[in-house]
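The values are calculated or read from the model by the stated rules, or taken from the named source; none is laboratory data. Everything numeric in this text was worked out from a predicted model, so none of it was measured. Positions of Cβ are backbone-derived with ideal geometry, glycine not excepted, and every protein chain shown enters the neighbour counts. We work out accessible area using only protein heavy atoms, side chains counted, and drop any ligands, DNA or RNA first. Shrake-Rupley method; radii C 1.70, N 1.55, O 1.52, S 1.80 Å.
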Amino acid sequence: SERPSSKDASIEMLLRPDMCKLLSTFEKSLAQRDVWEVGYAPRTLTASKEVIWTDDERGEAKPPFEFTVSFSQSTHAIASSEVLACVSIESGLDFPVFVSSIQLMTTSGLYDVTNLGQCLDKSTLQSNDGRENLKSRTMYSPRQGVLFHPKDVVFFLTELTLPSDLSSIALGGSSVDLSKFMPKNGKLCNMGYSYAAGSICNSRFENERQPITLTGKPVTLSSLDEKTQLFLGGVPLVCYGMKLSLKHASIDGDTNINSSLRLVIDRQHVLSPLGRSGAQRLIMEESNYLSYSWSRSKHHPWSLGPQCLRVHGPRPLLEVTNLSEKVTSGRGIRGTVNRMVFKLKAGADEDCRDVRVWLRCRSTKLVAANESMGEIQQTEEGPNNIEQNLTPLFVQKASDPSSTCTTEDGVKLPQGWEPRRDVARNDSNETSSPIVPHLESGKSTLLALDLFCPLSETPIPAGSPTEVNTFSTSFEVIIEYKQTRGRKVVNDESGDHVMVMHNGTLTWIPPFAADFFLTNGNQKPFPGGYQHQSNVLTKSALKNSAIDEFEMVAADGEQVRMRCVVETQGLGTESAGKILSVKEEREPQPVVLYSSSENSFMDKMKQGSKLSLSYSFSADRSIQHSNRSIKTPLGTVSVHWKPNSFVLGDDSVSEANFEKSDDFGLAYGPLSLTDIEPMKFHGPLCYILNAPFCAQLRDCPSAPKVGLPFQLTYQITNRTAKFQTLTVSMHSNSVRTDDSTYPSNNELLVTGKTKSEMQMAPFETQSIGFTFMSTVAGKVLRPPLTVSSARHQSWVINEIECMNSRYLFVMP
């Protein structure tokens, strides 16, 4: 027999359901034999014919097979990864047919459906991802394929390997312009499904930053949280067609099937919203448009996901966690190396190779915006507001433990430390440091980074707020690695280069703070006649003084008794360090005020613990007998200390692969270094004034007895080259001076010149003596003595305001 010339007509009648319904069973059988050339001699067979079916202009023509391809696991995917696609095919033919191969026509190319011998049970499609519900199909032949009866619906699961180059994904037959898929803002429209499958709506609703509106107005990306921004963008992957190899299914038992028919179903209309140009150029929201992303054939459940998949570039799945921040609360201790420990955990579906790190940091100085309110703000001048020799920097252990290093900025590092070489300058990574060569999926490792902020070489002035010398360092830890995903077997050179960034801030605080106090208060019983508002006979006696009334003053040669209170700063409840010793710096050698010993209670100091110390400072002028005032601190105290470290718990490192790189092991926070610089504090600033007289109490019994006379002797020295006249007054009765009243004391009898004048030659020394006798025992207040100079209009001796120095303890 000859090959029929009506093959094309037979194909059209069989593949058009509306025409096939008009044929009788016998006519259908004849048409099938013509199409598949059943019973023809091999030498007369034609090649497999390819038939392309396309939509008509109105899209109303029904194809021979209805199909839907959806992505059940996610609305987004990453380039070069494997995604699971659910394929459903419904036969629209009026006769049975074998399908021996299926190819999906997508915007990223052709994909074969490989597991035709297995299918999904529709009743269990909504259980998990359907893998465990794959069942062997009884009407399947490895040689012929899957048998489709009329109106039969078959579901398949197949894996698609996405391309690594997103620009290779074609829309409308041409490669896409990736810049069109980088949104500059978000948009609330299409019921929230257009952008990130509604995650913008959810994010704005949960955070309550702005009310939800359906007006379609743009939303700035900065108003969205980081997780929501990850869903923005992406190139759409769409299946718009299918290629099927059809074979004849014999009805009368004839198995002599000699040829196949190649059917191509091309539905380009689903891409029409994506192919706009000009004023209606491609915009992101259309890549998840409701008209084709969520619409589907009736046989395909909605639970199997959208038909559009957004493909993003390679994205890091590595999690970076700062394990030390929970205890340190983002604070560091100046004067020692501070260690931060980061936990790097690979994602469950990624393999990390050649994991490396590089760093960026920027420091600013914090100042008190309103010292009375204690408010702190960051300066606006940038990093230049910090002295170069105080700039914090990343450091690492040097190869030589005994080496010393000073940076170009003049920062002196602790012994055995050096600057890191992987810190970027000018926002460019010049070099990076290796962490681990290979980090398997789900595994963890630890990364230790060390920062150092030096103490100021200039002692801190007394009364300075702690915040005045506080620095803030903003740092970025950039982790780079080669990422491979899925179950691929790769070598060390393969993988996508990805990068994850971790931002943080470290606020630097000093390890200690110090307060200074005058032991006997600001009022002095023996001022020596210096010129100051606090020591004048009348308020109008000293009008044009350069020294404020409330400034601290001392007479030349006066011994000022000071009290210093050292308070420990800390991280959490723990102190920043242990105080080894406290010294007062003086010539020719310092005086030790405190020294630690074993089992000392100061070894158990907590944050806020205080150590109170006393010392005496000699106020000396370098220029004698000059009216010029000299301002100097009342002593300098240095605190020698050793930092306290924290140690990571076993729960933090149980899953991590960590090798000890130095002697500190799992320590973090301020590292316990030795031979670090002490912290120095200046005492309060004091004006040392030239005093024309020197007065002091020479003789005073420590414990007089009742009824027995005792002697008190005052000594006054004229330190000038002039004759001086002084007025002496012992106030035994009620006295009122400067609004202060003291009652007369009849319990203490006094004899001597209670009111007199004394003449003093230049540089002469004279004594004034009084005899007392107490009539009672116990704490007795003796009457005050005043000695004034009419020439200088000031007090040489003034005991009226100094009650503590006038008490006597009389024995019975």
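Once all protein chains are placed together, ASP266 keeps about 30 Å² accessible to a 1.4 angstrom probe.
Give LYS524/LYS705; LYS583/LYS642; LYS365/LYS397; LYS7/LYS28; LYS62/LYS298 a once-over and call out the pairs whose C-alpha atoms are over 18 Å from each other.
On the way: LYS524/LYS705 28 Å; LYS583/LYS642 15 Å; LYS365/LYS397 27 Å; LYS7/LYS28 13 Å; LYS62/LYS298 14 Å.
From the list (LYS524/LYS705; LYS583/LYS642; LYS365/LYS397; LYS7/LYS28; LYS62/LYS298), the Cα-Cα distance tops 18 Å for LYS524/LYS705; LYS365/LYS397.
Full extension of the segment from GLU27 to GLN589, taken as 0.36 nm per residue of separation minus the current Cα-Cα distance, would add 190.2 nm.
FRET efficiency for the pair ASP165 and ILE52, taken as 1/(1 + (r/R0)^6) with r the Cβ-Cβ distance and R0 = 25 Å, rounds to 0.35. Grab the beta carbon distance between SER596 and LYS722, set R0 = 45 Å, and tell me the FRET efficiency rounded to 0.05. Once the sixth-power term is evaluated, E becomes 0.25. Net length available on complete extension from THR754 to SER618 is 45.8 nm, with 0.36 nm assigned per residue and the Cα-Cα distance removed. The H on the amide N of ILE460, modeled in the peptide plane, is under 5 Å from the matching H of LYS680, PHE681, HIS682, each at least 5 residues off or on a different chain. Each label was represented as a point 7 Å from its Cα along the Cα-to-Cβ direction; for THR507 and SER581 these points are 3.5 nm apart.
Of the peptides 398-408, 104-114, the ranking by mean beta-carbon count within 10 Å, highest at the top, reads 104-114, 398-408. Descending by average beta-carbon neighbour count within 10 Å, the peptides 14-21, 705-712, 337-344, 798-805 line up as 337-344, 798-805, 14-21, 705-712, the highest first. Between GLU387 and ARG563, the FRET efficiency from the beta-carbon distance, with R0 = 41 Å, is close to 0.85.
Segment ARG362..GLN793, full-extension length gain: 149.4 nm, with 0.36 nm per residue of separation and the alpha-carbon distance subtracted. The simple spin-label model puts a point 7 Å past each Cα toward its Cβ; for ASP515 and SER494 those points are separated by 6.8 nm.
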